[in-house]
1. Check which residues have an amide H placed less than 5 Å from Phe93's amide H, if you skip close sequence neighbours.
2. Equivalent-ellipsoid semi-axes (√(5λ), Cα gyration tensor) for region 12-85, whole Å, largest first?
Amino acid sequence: MTAPVRRGLPDPSELEVEHGLRAIVHDLEQKFAGRLSPQTVGSFVRESFALMDRDAAIRVHLVALTRRFAWDRLSALEKVENRVATGVPEVLFVCVHNAGRSLAAALLAHRAGERVVVRSAGSAPADQTNPVVEQVLHEIGCRSPTPTPSR
């Protein structure tokens, strides 16, 4: 027996994604209230999701990752538009897969501590850290790179 065809109704997973994106938009609108418009926040969240969804091989955590990506992009926009000065330099390491979560980023973060904000990004991120990078970092006493905590 085949499943009945559902005409005109959205896929349940699409509804979950939409619900998750609306929750992210609501949360980030509150976080950036008075500094960035709700329209800007909403468009950045949806664009962030679309950018990651475009080439995603695994979609399980895509909505959760969208929050972090949108937060980082909105924070950068806020700094540029409002000229927010943190007094702490920021460095962004960018690569395609980011499978090592950027070895250079991990080393800088290890050496600089809280004197520098270090970020790494990949346009098509891998789902795990490269084992060779893990081994090298362990050998030199540097902890493995971890994602920026959710805000």
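1. Here the answer is Arg119, Ser120, Ala121, since their amide H atoms fall under 5 Å of that of Phe93.
2. 23, 13, 8
Bear in mind that the values in this text are calculations on the coordinates, not laboratory data. Keep in mind the model is a prediction, meaning the values are calculated, not measured.
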